[in-house]
Amino acid sequence: MLEEKTKKETVLNTLFECREESLYALTEKDKERIATLTKDTDSYEKLFSIIEELPHTQEDLENIRNSLDSYIDRINIIGAYENENFYKIRIF
């Protein structure tokens, strides 16, 4: 029984290792999906642009906070998408 379990684990590990590289390579479909998921979020470049134009008013500080929140959401969305793909590949 233990030997059979070890064989199954070895086969699963081998299958996973064969597909492991595809976890880190984003396909065109992945890039399109990420673009769709993050379309309403700010980019890092926009954040820098806002900071550069800061005359240090309360409204500008609020814009920075909102942009930072949006940028963090963007990073979280991308990370969640990549993690979902990882687990789907790992399971299958």
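Bear in mind that the values in this text are calculations on the coordinates, not laboratory data. Worth saying up front: this structure is predicted, and the values here are computed from it rather than measured.
For this structure, a couple of remarks:
- On full extension, the segment bounded by SER70 and THR14 gains 16.2 nm, given 0.36 nm per residue less the C-alpha separation.
- Fully extended contour minus Cα-Cα distance, from ASP30 to GLU45, at 0.36 nm per residue: 3.2 nm
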